[in-house]
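Note sheet for the following structure.
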Amino acid sequence: MNEDILKKVQSNPKFKELVRKKTRLGWQLTLAMLVIYYGFILVLAFSPATLGHPISAGATMTVGIPIGVLIIVSAFVLTGIYVRRANTEFDLLNQQIVEESKQ
């Protein structure tokens with residue numbers, strides 16, 4: 001890559017905004033997933049009976065099974081949130097940066 005173009009991109013305020021937004025979103029989603037996973041593990045470690053209760057009287061399925069499924073689904077949801085932001089807001093900023101650096 002040409003050094004001039006690289007300097008233009010790195011000095012562009014939109015590039016700094018893009019980096020800041022992507023970093024913040026990445027950390028927020030990472031923190032959310034860590035809280036979900038470790039919260040489940042902590043409940044399992046310190047109160048296993050909580051997840052071992054049947055969903056209803058006479059049921060064989062426990063509360064822990066749907067919670068486990070929700071944890072897996074939450075990973076897909078958080079990924080979807082990132083992809084949606086990347087495909088809209090981040091791609092738009094990226095396109096603007098590319099156009100401005102060509103000038």
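What follows is calculated from the coordinates using simple rules that are stated; it is not laboratory data. Note that the coordinates shown come from a computational prediction; the quantities given were computed from them, not determined experimentally. All Cβ positions, glycine included, derive from the backbone under ideal geometry; neighbour counts span all protein chains shown.
Overview of values
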| read-out | value |
| --- | --- |
| Magnitude of the charge dipole, the chain, Cβ model with Lys/Arg +1 and Asp/Glu -1, debye to 20 | 200 |
| Sites L92 and L51, calculated FRET efficiency, Cβ-Cβ separation with R0 30 Å, nearest 0.05 | 0.10 |
| Computed [θ] at 222 nm, helices only, for the chain once each DSSP H run of length n ≥ 4 contributes -39500 (n - 2.57) | -26500 deg cm²/dmol |
| Inter-label distance, nm, simple model (7 Å from Cα along the C-beta direction), E3/R20 | 2.9 |
| Proximal aspartates and glutamates relative to K22, as straight alpha-carbon distance under 13 Å, when same-chain residues fewer than 8 apart are discounted | E89, D91 |
| Environment charge at P13 (Cβ cut-off 13 Å; Lys +1, Arg +1, Asp -1, Glu -1) | +3 |
| Cα-based shape type of segment 23-90, given that a ≥ b ≥ c are square roots of the gyration tensor eigenvalues and the cut on a/c is 1.5 | oblate |
